[in-house]
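Shown next, in structure tokens, is the structure this report addresses.
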Amino acid sequence: MNMQTAVVPEQLRQKILDHLTYAQGKDISHASIYDWRMAVSLSLRDMIVDPWFNATRQIYEKHGKRVYYLSMEFLIGRLIEDAVTNLGVGDALDAILADYNVKLNDVIENEPDAALGNGGLGRLAACFLESMSTLGCPAYGYGIRYDFGLFAQRFEGGRQVEMPEDWLMHPNPWEFVRPESQYTIPFKGYVSVENGKSVWHASEAVLARAYDMPIIGWNAEWANTLRLWGALPTKLLDLDRFNSGDYTAAAAPEALARTLSRVLYPEDTTENGKELRLKQEFFLTSAALQDIIRRFLSEFDDLALLPEKVAIQMNDTHPALAGPELIRLLVDEHDMAWETAKDIATRCLSYTNHTLLPEALERWSTWLLGRVLPRHMQIIERIDAEHKKESGRPDTVGIVMNDEVRMGELAFIMAHRVNGVSALHTDLMRETVFADLNKLHPNRIVNETNGVTPRRWLKYTNPSLSNVITDVVGSGWEADLDKLADLAPLAGNTGLQKRVMASKQENKERLAEWVKGHMGIEIDPAAMFDVQVKRIHEYKRQHLNLFETIYRWNEIRKNPTAGWTPRVKFFGGKAAPGYFMAKQIIRLINDVAEVINNDPVTKDFLKVVYPPNYNVSMAEKLIPAADLSEQISTSGKEASGTGNMKFTMNGALTIGTLDGANVEIREHVGAENFFLFGMTAQEAGECARTPDHARNAIGKSQALRDVLQIIAEGTFNRAEPGRYYDIVDNIWNHDPFLVASDFEDYLAAQADVDAAYRDRSRWAEMAILNIASSGFFSSDRTIRGYMADVWDAKSLL
Ligand code: F58
């Protein structure tokens, strides 16, 4: 059914007015924008429920295989956007709301972002949910319903300050609470053996309660469920203890439950081994598995069939307790033999790795894991011992080593497929972290290059470009992104170039207005918009970009009439609260912006804009307005990147290294339409091992010496000259991410960018070729890959 034609606007209007009256208890004259938002959301939700029921019914009727995507993070952003786009009701809503002097955009902006994730890993999970629904893949997302999502970021004196993100302050109109789907999640205690069976006597427990959100696919043809678990105490109060006067102990069960699903851990790429984090991971995993088994048994009687009917994806190692937990449930609670249970678990499970950075690979001390999950510790040790015996493997690949449980090894051994997220990353997985395991299990590692949903990241965020695309390639590209290839033969056509650039201009003007209104900075929409948005991390090298900015500023000052190509440099992103260096980089960007934006000499050629609190919604404003996309990580460090794909789809050109999915982007768009610089992963590896690599590189670069000198002199922080000593010292003496060694090449590539931008027609042609080649980066392609190579699942559409 095509909702675009099926929706009768008058029915929608009536629904909205009814919800305003009966759900919000408001009449039109008193309704606030919040009331309108709730009424609109509930009306859209009504429209989603029918396709959702249909999908569920079909899954039950066909007894097909179901996919379960377990993830500690789902960075969904605003759900109203998916609903409006995929139901095709944008124009109708616009018109209806206009009758009451309400703007659809204001309604949308009123919804808080569901920021239940840190960055790429969580956003990928959200794109996957949408694609699985679009493709009719019978799937469930399982996650945690954190009360507080990723912290909100403010700048105070240029410094990042974190504030709680209270997205559930108001009721969430998209969710359905399911008090009947509730499971006990045990912790701690001890294990005894009774009649030859292991019995876990837990000393703590919480309840996991399900909250369901329907995830609608394109054209409303299918909807899957995202089931988020909230923690509840098993009993509200320990009455005996309360009556005996021990009030603190009496409230303990409640305190544990309240903290469990309270807040998302804000670390990216580092783990800090907190007990609460381990409990959260088990909470998600156990609740999901108990739910999966319950659903399976409601349909089939023989648990031996589980691998035919159930595929469980572990999104990174965070749910890697799924292996031991599934074995525990099968053996301890369903009386299955150990070997059978282990075999079944392995055939159900698969694992996606998202990073090779050693500091990001999860490890738990055996002491902590044994204390919090004593039964799982036993199971893990047995898995490890058996794997060692069966494979005759070298000692280097143990799960338990040096009093630590290595979750990557556990996930690998308990999975029948392990995947990387770009071709390069998968190759490096085979060659480095999992080299030994790959030899023992040669066909287990596969590649599934990431993708992003074009419904949100093109159709919704860039309506003007979407219209141009539809005019040229016809309708239907939203669910068949390879159709964009039809733009390629017309890349040289001046008419198309004008239209594509006019759309870009419109987006840039809208962003410029936002920047003026929200940040008070005046920027010229005719300038090149150069954007780097992502988590702040040394390996992503925002400081490389910033050093180039300082160099550029200094050069303009020396020679203001040299015919500079005007640029606005946008930065966006949050740092982990405990990551000192990343926070220093944030502060330096803000200090540099302050000086540059107030310099009368350079004001027509350079501005620096760092909007606080970068999130999904901010990405949606920035990406469609970008001319240049900065993807400049040290080669070998960025597993894939997904922002890079969104920019390409929206017609920004990339300046980037041969890292992650940049490699594939460059292959698709063509080397001549991509600004490449820097060392390869192999060269970077060698460089990092060379003593004094940074000093050597600095010795060869007058430009970099100047930049470091300008910073060290306190140019951007007159009040406190030593403020950035750490950054300068780090580059001179350590520079683990090779900023110095790639600097000159980066400058050269940036000069090429300037030159290219001056030839407007050539730039337009390159932009069109980027858009035309982005079909491969649809998450639909990625999900088809998982369905075929990993899950063996079939579409029901
Ligand atoms: C990201 N990882 C990768 N981790 O860095 C990026 O290259 C890739 O495109 C993306 O995954 C999707 O595959 C990432 O975002 C986290 O945020 C974790 C959160 C929890 C703690 C460890 C890092």
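The values are calculated or read from the model by the stated rules, or taken from the named source; none is laboratory data. Quantities reported herein were computed from a predicted structural model and do not represent experimental measurements. A quick note on method: Cβ atoms are made from the backbone with ideal geometry, for glycine too, and the neighbour counts reach across all protein chains shown. Just so you know, the surface numbers come from the protein's heavy atoms only, side chains and all, with ligands and any DNA or RNA stripped out. Shrake-Rupley method; radii C 1.70, N 1.55, O 1.52, S 1.80 Å.
Scan (1) within 27 Å of Asn650 (Cβ to Cβ); (2) within 16 Å of the ligand (Cβ to nearest atom) for the single condition Gly408 breaks and write down its number.
With (1) within 27 Å of Asn650 (Cβ to Cβ); (2) within 16 Å of the ligand (Cβ to nearest atom) applied to Gly408, the lone miss is (1).
Taking Glu281, is it under 29 Å from Asp403 (Cβ atoms) and either at pLDDT 95 or above or out of contact with any Leu (no Cβ under 8 Å at 6 or more places or on another chain) (or both)?
Yes, satisfied.
Condition test on Pro173, is it open to solvent by less than 20 Å² (accessible area, probe 1.4 Å), away from the ligand (no atom under 16 Å from the Cβ), out of contact with any strand residue (DSSP E or B) (no Cβ under 6 Å at 6 or more places or on another chain) and not assigned by TED's automatic domain parsing to the domain that holds Glu620?
yes
Could you pull out the residue among Leu373, Leu329, Leu303, Leu368 that is crowded, with 24+ Cβ neighbours inside 10 Å and away from the ligand (no atom under 16 Å from the Cβ)?
Only one candidate qualifies: Leu373.
Identify the residue in the stretch 102-151 that is polar (S, T, N, Q) and surrounded by fewer than 22 Cβ atoms within 10 Å (Cβ to Cβ) and, among all such residues, is farthest from the ligand (Cβ to nearest atom).
Looking at the filtered set, the residue picked out is Asn105.
When you check Arg57 against the structure, is it at negative phi and surrounded by fewer than 15 Cβ atoms within 10 Å (Cβ to Cβ), yes or no?
So Arg57 fits the description; yes.
Tell me, which residue of the stretch 308-326 that is over 23 Å from the mean Cα position of the chain (by Cα) and either among the charged types (D, E, K, R) or open to solvent by 10 Å² or more (accessible area, probe 1.4 Å) (or both) is farthest from Lys794 (Cα to Cα)?
Looking at residues that are over 23 Å from the mean Cα position of the chain (by Cα) and either among the charged types (D, E, K, R) or open to solvent by 10 Å² or more (accessible area, probe 1.4 Å) (or both), I get Glu325.
Only helices (runs of 4 or more DSSP H) wholly contained in the stretch 725-797 count here; list those with 1 or more residues that are under 26 Å from Pro454 (Cβ atoms) and in contact with a Cys (Cβ under 6 Å, 6 or more places away or on another chain).
779-786
Please verify whether the stretch 120-141 includes one or more residues that are among the charged types (D, E, K, R), under 27 Å from Phe580 (Cβ atoms) and at pLDDT below 95.
No: the stretch 120-141 contains no residue that is among the charged types (D, E, K, R), under 27 Å from Phe580 (Cβ atoms) and at pLDDT below 95.
Yes or no, residue by residue, for (1) aliphatic (A, V, I, L, M); (2) within 16 Å of the ligand (Cβ to nearest atom); (3) crowded, with 17+ Cβ neighbours inside 10 Å; (4) without any contact (Cβ under 8 Å) to a residue 60 or more places away in the chain:
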| site | (1), (2), (3), (4) |
| --- | --- |
| Arg382 | no, no, no, yes |
| Ile399 | yes, no, yes, yes |
| Val421 | yes, yes, yes, no |
| Lys439 | no, no, no, yes |
| Pro442 | no, no, no, yes |
| Asn447 | no, yes, yes, yes |
| Arg455 | no, no, yes, no |
| Asp471 | no, no, no, yes |
| Gly476 | no, no, no, yes |
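If the requirement is being away from the ligand (no atom under 14 Å from the Cβ), within 19 Å of Arg145 (Cβ to Cβ) and surrounded by 23 or more Cβ atoms within 10 Å (Cβ to Cβ), which of these qualifies: Thr259, Thr285?
Thr285
Among the residues of the stretch 158-167, how many are without any contact (Cβ under 8 Å) to a residue 60 or more places away in the chain, open to solvent by 40 Å² or more (accessible area, probe 1.4 Å) and part of a loop (DSSP other than H, G, I, E, B)?
Adding up the residues that qualify gives 1.
Just checking, how many residues over the stretch 9-41 are surrounded by 14 or more Cβ atoms within 10 Å (Cβ to Cβ) and not in a helix (DSSP H, G or I)?
Qualifying residue count, the stretch 9-41: 3.
Go over the candidates Gly775, Gly685, Gly722 one by one and state the one that is open to solvent by less than 70 Å² (accessible area, probe 1.4 Å) and under 30 Å from Ala527 (Cα atoms).
The conditions single out Gly775.
Tell me, which helices (runs of 4 or more DSSP H) lie completely within the stretch 557-655 with 1 or more residues that are more than 16 Å from the ligand (Cβ to nearest atom) and farther than 14 Å from Met528 by Cα?
Because the criterion is at least 1 residues that are more than 16 Å from the ligand (Cβ to nearest atom) and farther than 14 Å from Met528 by Cα, the helices (runs of 4 or more DSSP H) in the stretch 557-655 that meet it are 580-597, 616-622.
Can we say Thr355 is farther than 20 Å from Ala304 by Cα and buried (at least 21 other Cβ atoms within 10 Å of the Cβ)?
yes
With the requirement that a residue be in contact with a Leu (Cβ under 8 Å, 6 or more places away or on another chain) and hydrophobic (A, V, I, L, M, F, W, C), what does the stretch 422-451 give you?
Listed by number, the residues that qualify are Leu424, Leu428, Met429, Val433.
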